[in-house]
1. Can you compute the charge dipole magnitude of segment 138-187 about its Cα centre, using +1 on each Lys and Arg Cβ and -1 on each Asp and Glu Cβ, nothing else charged? Give it in debye, rounded to the nearest 20.
2. With +1 on each Lys and Arg Cβ and -1 on each Asp and Glu Cβ, and nothing else charged, work out how big the dipole of segment 362-438 is about its Cα centre, in Debye to the nearest 20.
3. Ordering 320, 213 by how much accessible area each has at a 1.4 Å probe, largest first, what is the list?
4. Just going by the charge dipole of segment 339-438, with Lys and Arg at +1 and Asp and Glu at -1 on Cβ, which of 346, 426, 376 is farthest out on the positive end?
5. Looking at segment 280-373, send over the antiparallel percent of its DSSP beta bridges, to the nearest 5.
6. Calculate the spin-label point distance for residue 302 paired with residue 182, positioning each point 7 Å from the Cα along the beta-carbon direction, and give it in nanometres.
7. For 62, 155, 74, what's the largest-to-smallest order of accessible area, 1.4 Å probe?
8. Taking +1 at the Cβ of each Lys and Arg and -1 at the Cβ of each Asp and Glu, which of 164, 150, 276 sits farthest along the dipole of the chain towards its positive end, judged by Cα position relative to the Cα centre?
Amino acid sequence: MSGGWDLAALPDPLPIEPLAGRVASDLPVPGSKSITNRALVCAALAEGTSTLHGALVADDTEAMVGVLRALGLEVGVDVEAAEGTPTITVAGCAGRVPPTAEAVDVRQSGTTARFALPLLALGEGSYRVTAHPQMQARPMGSTIDALRSLGAGAEELGEAGHLPLTLTGGGLRSGVVQLPGDVSSQFLSGLLLAAPCLADGLVVELTTDLVSRPYVDLTIAVMEAFGAVVHQPDPATFAVAPGGYRSCSYAVEPDASAASYLFAAAAICGGRTTVHGLGQHALQGDVAFVDVLEAMGADVLRQADRTEVRAEQGSLRGGRFDLTHFSDTAQTLAVVAPFAGEPVTVTGIGFIRHKEIDRIAAVATELDRCGIRVRTDADGWTIWPGPPSPAVVQTYDDHRMAMSFALLGLARPGIAIAGPGCVAKTFPGYWAHLDRLRAGATP
């Protein structure tokens, strides 16, 4: 869904019109990509039919739906369900993953790739897994090595440790597997998601510190909602009991990463953003972005069913912030930083060099293009305050570059976004949301 915009017909670059006032937003935020893709895997492996309410319908989740349909599973997507909230139904396979002669295409989706391989390894067939060139450049070696150690066959068709590959299931066994945790938490999450369907479960031991731990906590919470049992005898060990999944009706909360752009708009331009459905007990670690805004001087109201950010334009402070566990909001903070009164240092995010692109280098390049002083290091950036200059921001086909840098254009004229259609990956209605922000701005 694009919220009324034809993404393919957008001008490229897309000029961003500044707000003519303060933010006053109660706009709905699409469902969480992270939760939707985890719930899709659990539903696919469950016995019976599950319904996901408020699910995200975007390129990344459509990639996961495509994987399940390639396996012959019945997946229904209703984007016009009750109150306009998308609903996905999945008829599960009870842990018996069907064979297929069809290529399994994970597209550009990292979660789909890292979750699909362990899922396919549960099957009896040989599966040919393909991906977009951008995804082929991203590391997959930790998952491939772990599956081999558990008895699956994997033959890369190009570079070792990368897609595409042929995966042969049928021999996946229970046991203990070791896995590094410092490249991506998605490797661990993928193994955990498949583990309840192994005869004797699985124990995963981390060999390095885990980045983005809240995403693993999120994985476990979704698994438990579908009936799985996960024990953590210590922070580096995850023991998953056998028993499979049971079908259920599952409510997907709004995407906290997507909400960060709306919260940031209020912090930069002044005003208020309220996101309903993302409250004090939200599962997603990225909701911690509002803690950073609060430390910078914004007012944050946390309630059971909503989160609100209020700020006065020009009131933000600088500071030093560790985003190890909510790195998907790092680019959002990078574009808030120029509007602070002092420099902002972001640490703990060296691993985002291995995301869709090298996000540390890309952010530095584009801030420099906008006339903002920035210094990179192995672990993040330091960004100095200053008014952004007019520029055409390059996005490198990275949805988070497009959505974050567009915020500069809400506060200063002359900003345009190259390749604006890339927001389809996780937030197809983003540009329509910015239109609504403008329409709702108050003096």
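The values are calculated or read from the model by the stated rules, or taken from the named source; none is laboratory data. This structure is a prediction, so every number in the text was calculated from the model and none was measured. Quick reminder, even Gly has a Cβ in these numbers, built from the backbone with ideal geometry, and neighbours come from all protein chains shown. To get the accessible areas, we keep the full protein, side chains included, count just its heavy atoms, and leave off ligands, DNA and RNA. Shrake-Rupley method; radii C 1.70, N 1.55, O 1.52, S 1.80 Å.
1. Values: 3 positive and 5 negative charges, 37 e Å.
Approximately 180 debye in magnitude.
2. My answer is approximately 280 debye.
3. Values: 320 175, 213 60 Å².
Of 320, 213, the descending order of accessible area is 320, 213.
4. 426
5. Values: 5 of 9 bridges.
Close to 55 percent.
6. With each label placed 7 Å out from Cα toward Cβ, I get 3.0 nm.
7. Values: 62 75, 155 115, 74 140 Å².
In descending accessible area the options line up as 74, 155, 62.
8. In the chain, that residue is 276.
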